[in-house]
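Structure record follows, encoded as structure tokens.
The values are calculated or read from the model by the stated rules, or taken from the named source; none is laboratory data. As the structure is a computational prediction, the values presented were derived from the model and not from experiment. Cβ coordinates were reconstructed from backbone atoms using ideal geometry, including for glycine residues, and neighbour counts include every protein chain displayed.
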Amino acid sequence: MAVVVRCPGCRGASQVGPEALGLLVVCPRCSDPFLAVEEATPVAPSPSPAAKSLARGTPPRPPAPARGRPVEPAARRRGWAEPVAPPPDTAQPASRQLRPGQSDAPGQAPADSHDPLAGHAGGLPISVLIGLALLPFAIPLLWLIGPHVLGQQPALSLAAPASLALSASVLCLAVVYTVDWSPATRVKGVLMLVGLAYFAGLSLFFLKKDMVDRAKEMFGPERDWQYFSPQDKTYRVKLPESPTQVPLEQPMLGWKLTCYKSSHKGLTGVVVFVVGAGLDKDAKPVPQEDDAKWLDDVKKALCASTGGGADNWRPVKHPHPGWECGIHLPNGNMIRTVRVYRVAGKIYYLAAEGQDLDPDDDLTRLFFDSFLVTPLKQ
């Protein structure tokens, strides 16, 4: 009659012959040897031969060695046990195996050792760590509140703190999901990155404008721009490369201007820059009361020269009083931004032209704002 034995290593149940009791057998599941000891509940209800001998009052016979050979106590022969499915109410199913970190206690949920957040921070909820990782997103909000509280405008736009917050939060989330780090190291890493992000945001807020301008000149697209002056040295302006003179091009009908052209290839396409100067119509300073008529003549001349419509006229005062407008050219989506100055009986013309060109583009502003009539500084 076969009897049930249980492996102490994997807790798997197997059946062996009665002659194998007390001998070393090999578990068919984990292949570990163990001493065959009869389980309290056998597979079959019939008693074993040893139990029958005890019932008759006779001492049981010692078990015979397996396969007819005696086994020494110090080195018993190993036999193979035959697996059997034990009753579900008395033994653990043989198919269940405990994984590392899994508990066998009743009522306790098993812990998945492959979960990167299992056992993090000594039981700290994962929502707390994710909340800490998203703290850098408060930097753009503080950036908006800062000018109202401190009375100082930052030199950089809101894109700087927004990019800083996004990159810092991504790094914090990467630290949270780093499997190879201990829970305490994850918490320290997140707090360190959050602190560095706030320190960087504070430093960028109080950054001086001249430092930003120098950084743009060194690393920005305008690092290759140079100041240009014509032969008479009456003005100077920054251009991306050595301009070429365009003697036949007259961007304003009725005014004879000496123009120079240069171009720059940007992300949105090629932008053409034109600068020119010449005497006013009567070669004399126009009286102040005739400004409205003079401006009306300029608008008509620009529209007649380009074939487009000039709109969004606005006065400018940097570096000299003048006017600026946008012209939608007939050929596609080309936009020309024009700025006109009138200084000491001369007219100065500046234009930036490109496809869907934004009048407030950085390079366009650099071109316009760098213009200076040099005789005024003598």
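Overview of results
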{"quantity": "Strands (runs of 3 or more DSSP E) (entirely within the range 293-369) containing at least 1 residues that are without any contact (Cβ under 8 Å) to a residue 40 or more places away in the chain", "calculated": "309-316, 322-328, 334-343"}
{"quantity": "Options 160, 197, 155, 168: the member that is small (Gly, Ala, Ser), in contact with a Leu (Cβ under 9 Å, 6 or more places away or on another chain) and modelled with pLDDT under 85", "calculated": "155"}
{"quantity": "Selected residue [within 35 Å of the chain's Cα centre (by Cα) and of a type in the set (Asp, Glu)] from 362, 311", "calculated": "362"}
{"quantity": "Residue within the range 282-299 that is closer than 20 Å to residue 310 by Cα, touching a helix residue (DSSP H, G or I) at 6+ places or on another chain (Cβ under 7 Å) and either of a type in the set (Val, Ile, Thr) or at pLDDT below 85 (or both) present", "calculated": "no"}
{"quantity": "From 179, 190, 212, residue being of a type in the set (Val, Ile, Thr) and within 15 Å of residue 132 (Cα to Cα)", "calculated": "190"}
{"quantity": "Residue list for the range 4-18, restricted to those being of a type outside the set (A, V, I, L, M, F, W, C), out of contact with any helix residue (DSSP H, G or I) (no Cβ under 8 Å at 6 or more places or on another chain) and in contact (Cβ under 8 Å) with a residue 40 or more places away in the chain", "calculated": "6, 11, 12, 14, 15"}
{"quantity": "All helices (runs of 4 or more DSSP H) inside the range 124-211 with 3 or more residues being in contact (Cβ under 8 Å) with a residue 40 or more places away in the chain, within 17 Å of the chain's Cα centre (by Cα) and within 26 Å of residue 360 (Cα to Cα)", "calculated": "159-176"}
{"quantity": "Test result for residue 340, surrounded by 15 or more Cβ atoms within 10 Å (Cβ to Cβ) and in contact with a helix residue (DSSP H, G or I) (Cβ under 8 Å, 6 or more places away or on another chain)", "calculated": "yes"}
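Residue by residue, here is whether (1) modelled with pLDDT under 90; (2) under 20 Å from residue 360 (Cα atoms); (3) touching a Phe, Trp or Tyr at 6+ places or on another chain (Cβ under 9 Å) holds:
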residue: 220; (1), (2), (3): yes, yes, no
residue: 225; (1), (2), (3): yes, yes, yes
residue: 241; (1), (2), (3): yes, no, yes
residue: 248; (1), (2), (3): yes, no, no
residue: 252; (1), (2), (3): yes, no, yes
residue: 255; (1), (2), (3): yes, no, yes
residue: 263; (1), (2), (3): yes, yes, yes
residue: 268; (1), (2), (3): yes, yes, no
